[in-house]
Amino acid sequence: MDEGRLAAAWAGIDSLPAADFRALIGSLVAGAPPAVAAFERASAHDSTGDPVRAVELYETALAAGLTGVRRRRAVIQLASSLRNLGRAPESVALLTAELAATTPAGTAPTATAPAATGAAPPEAGGPPGAGGPPGAGGPPGAG
């Protein structure tokens, strides 16, 4: 899998119809490990308005042993998709478990998950919208 080509595809997400973008991502990850391929495909479905299929693929990626930054992104993006589908309790449970698993023992967590609960951060006036590609700050495959 060519990470550069994958990043370029994500940079051009707005230049293709949804189905064409998903097909492009699918072709770019065809030779990738199954967990990575499922994650990238999930992200493509998520970013093009298909959260139901995205949830299935995020769960497949995690069950297949996705690791590293992609695993963390998969958990966060899965939680977001679940919330968007009206499954907020599942979303909160995922984020709570992720926070507990990544917070060093004896320290207090420093982040909250207002998007998962639908609670508005005071400065935002409402929950964030679901518009951009998952993993804000760059394409899901970068990093």
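Some notes on this structure:
- Residues (modelled with pLDDT of 95 or more, in a helix (DSSP H, G or I) and closer than 13 Å to E40 by Cβ) located in segment 56-69: L57, Y58, T60, A61
- Residue in segment 88-103 that is exposed (fewer than 15 other Cβ atoms within 10 Å of the Cβ), at pLDDT below 90 and assigned to a loop (DSSP other than H, G, I, E, B) present: yes
- Per the conditions (1) in contact with an Asp or Glu (Cβ under 6 Å, 6 or more places away or on another chain); (2) more than 23 Å from R83 (Cα to Cα); (3) hydrophobic (A, V, I, L, M, F, W, C), the sole criterion not satisfied by A32 is (1).
- Selection over segment 23-55 of residues that are more than 18 Å from G68 (Cβ to Cβ), surrounded by fewer than 20 Cβ atoms within 10 Å (Cβ to Cβ) and not polar (S, T, N, Q) gives a count of 9.
The values are calculated or read from the model by the stated rules, or taken from the named source; none is laboratory data. Note that this is a predicted model, so its numbers are computed, not measured. Every residue, glycine among them, receives a Cβ derived from its backbone with ideal geometry; neighbour counts consider all protein chains shown.
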